[in-house]
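The values are calculated or read from the model by the stated rules, or taken from the named source; none is laboratory data. Note that the coordinates shown come from a computational prediction; the quantities given were computed from them, not determined experimentally. No Cβ is skipped: glycine too gets one built from the backbone with ideal geometry, and neighbour counts run over all protein chains shown. Ligands, DNA and RNA are stripped out before the accessible areas are found, and what is left, the full protein with its side chains, is counted by its heavy atoms. Shrake-Rupley method; radii C 1.70, N 1.55, O 1.52, S 1.80 Å.
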Amino acid sequence: MTQPDFAVEVYQNEYLASGTTEVNAIVTVTASGAPTGPATSGGAAEVVIVDCSGSMHVPRTKLSSAKQATAAAIDTLRDGVEFAVVAGTDEARLVYPYQHGMVVASPQTRAEAKQAVTQLAANGGTAIGKWLALADSLFATSRAPMRHAILLTDGQNMHETPRQLASVLQQVTGHFVCDCRGVGTDWEVKELRTIADTLLGTVDIVAQPEDLEADFRAMAAGAMDKAVADVSLRLWTPQGATVKFVKQVEPTLTDLTGRRTDTSPREGDYPTGSWGSETRDYHVCVQVPVAATGEKMMAGRVSLVVPGTGGNPDQVLGKGRILAVWTDDTALSTRINREVAHYTGQAELAEAIQEGLEARKAGDVETATAKLGRAVQLATETGHSDTAKLLAKVVDVEDARTGTVRLKRKVEAVDEMTLDTRSSKTMRVRKKQPDALPESEGA
């Protein structure tokens, strides 16, 4: 199977004022020309995890919609994909296939799986760690490189301690990607966001059960479009340099800093999951040793790599360089790169929303007003109109430009959770030409 072509572009202001040591860059990775249908050669595996706890009966349309959504996801799987369906309560139960493992998608197995799904009933509690552990054991029976799970829940993880869930997440990290969805308003955003971020997936709210089918279909279709798995962003830095952070900043905000795996004393890998034809942006911040005016150095080298198999070396899919040039020309050193500025603002916007909502829940009106006011101001400045509309359902906006707001006395839970969940979704900046020297130049 062929894989997409990867291109890496670096956007930055490489000029630093004398004595300055912090280098910021936006790394844009574009994969193009991905083949459709990697699953035809057995390259993909899918597990659908459906919450079947007792609360899924309230309202009754919740479970029936979840069944329809699961059937839609099964129908979306291409022939050749390995798949399984798991029912989650305070235990985890394999719904299909009937023996532990995964089955190859075909007209017959899809029909059998959908029939098994119709028998799902709601009872018991919620233990998401057990659901993920069962999914992990199912994936372990497959040799497919692209492994994706859909996880649906309508409630909080009441039958496990946070430590138990964290332990399971640590065990399964890197084994599969998981997109999480919460239906209704009785689940915990922070809980699902932690799972999704750890497993390099997405999190979102599905307020109305009847919207589940389209969402499941889209998630399954997205998984089918992936063509290369286990891609890492590899960052080399010079002697004496320190990596301050590496974050995915588009299409969603995900901090990868703590996920680094050292590959050499000055080089480390940050996981990015599976790729199809798509573009993602990463913010890299490196602290370098100070240098004299007029000196230049390579502050970092970014590569996209997939691990080698069978004793073969790792495959480099694309690479770019992060530069540092020290100058006493303030016109150069004070120029703010528009891509760096854009995503710094996006990260601040998400942080302001999440901290503001936390303060509101805690009854800290002063902090909540200040944080959500700043969020309104940032959303206005950056043209984030969708976020501004969501904020307007939580606060009364008196002056958007200055961030002057008042907390609404009554806020619908669905509006608050939608704002929280979607705060980490970002908006792409329009790109100019990358600020980078030709490959032959630099350190």
Task: Fraction of alpha-carbon pairs over 26 Å apart in the range 169-314 - percent - done: 37
Open item on the list: Can I get the semi-axes of the range 77-135's equivalent ellipsoid? Compute them from the C-alpha gyration tensor as square roots of 5 times the eigenvalues, in angstrom, largest first.
Closed with: 22, 13, 8
Open item on the list: Given the -39500 (n - 2.57) contribution per DSSP H run of 4+ residues, what per-residue ellipticity at 222 nm results for the chain, rounded to the nearest 500 deg cm²/dmol?
Closed with: -9500 deg cm²/dmol
- [ ] Project the alpha carbons of the range 353-436 onto their principal axes and report the range along each, largest first, in whole Å.
- [x] 48, 25, 19
Open item on the list: Distance between the C-alpha centers of the range 261-316 and the range 55-99? Whole Å please.
Closed with: 38
- [ ] Among DSSP beta bridges lying fully in the range 66-202, give the percent that are antiparallel, nearest 5.
- [x] 50
Open item on the list: To check you understand DSSP bridge types, tell me what percent of the beta bridges within the chain (both residues inside) are antiparallel, rounded to 5.
Closed with: 70
- [ ] Would you mind getting me the FRET efficiency between Lys244 and Thr404? Use the beta-carbon distance for r and R0 = 51 Å, nearest 0.05.
- [x] 0.95
Open item on the list: Run through the range 145-210 and list the GluC sites (Glu not before Pro) located in a DSSP loop whose Cβ has at most 16 other Cβ atoms within 10 Å.
Closed with: Glu188
Open item on the list: Keeping every protein chain present and rolling a 1.4 Å probe, give me the accessible area per residue for the chain in Å².
Closed with: 44
Task: Nearest-20 debye value, the range 137-188 charge dipole, Cβ charges on Lys, Arg, Asp, Glu - done: 340
Task: Cα coordinate range in the range 214-258, projected on the principal axes (Å, largest first) - done: 50, 21, 15
TODO: May I ask which residue of Leu152, Leu253, Trp236 lies farthest towards the positive end of the charge dipole of the chain, with charges of +1 (Lys, Arg) and -1 (Asp, Glu) on Cβ and the Cα centre as origin?
DONE: Leu152
Task: Sequence-distant lysines (8 or more away, or on other chains) whose Cα lies within less than 25 Å of Lys371 - done: Lys190, Lys244, Lys247, Lys361, Lys389, Lys393, Lys408, Lys410, Lys425
Task: GluC sites (Glu not before Pro) within the range 72-148: DSSP coil, no more than 16 neighbouring Cβ in 10 Å - done: Glu91
- [ ] Would you kindly calculate the mean projected area, averaged across all directions, of the convex hull enclosing the Cα atoms of the range 177-248, in square nanometres?
- [x] 6.5
Open item on the list: Using 0.36 nm times the number of residues separating Arg60 and Glu91, minus their current alpha carbon distance, what extension gain do you get?
Closed with: 9.0 nm
TODO: Please state, as a whole number in µm²/s, the translational diffusion coefficient that the Stokes-Einstein equation yields for the range 314-399 at 20 °C and 1.002 mPa s, with Rh defined as the Kirkwood radius across alpha carbon pairs.
DONE: 138
- [ ] Multiply the residue separation of Gln208 and Glu366 by 0.36 nm, subtract the distance between their alpha-carbon atoms, and state the gained length in nm to one decimal.
- [x] 53.6 nm
Task: Considering only the range 1-126, percent of DSSP beta bridges that pair antiparallel, nearest 5 - done: 65
TODO: Give, to the nearest whole percent, the P(r) tail of the range 293-443 beyond 23 angstrom, counting all Cα pairs.
DONE: 54
Task: Equivalent ellipsoid, the range 46-190 (semi-axes from 5 times Cα gyration tensor eigenvalues, Å) - done: 22, 19, 12
Open item on the list: Please compute one quarter of the surface area of the Cα convex hull for the range 260-304 and express it in square nanometres.
Closed with: 4.7
TODO: Please work out the Cα convex hull volume for the range 125-190 and give it in Å³ per residue.
DONE: 82
Task: Evaluated over the range 299-347, the Cα radius of gyration and Dmax, each in Å - done: 17.2, 52
Task: Acute angle (nearest 10 degrees) that the helix 338-361 long axis makes with the longest principal axis of the chain, alpha-carbon atoms - done: 50
Open item on the list: Here are labelled values, (i) 32, 28, 21; (ii) 45, 23, 17; (iii) 39, 30, 17, and one is the computed semi-axes √(5λ) of the Cα gyration tensor in Å for what I pasted. Which one?
Closed with: (iii)
TODO: Whenever you get a sec, compute what percent of the accessible area on the chain sits on carbon and sulfur atoms (1.4 Å probe).
DONE: 49
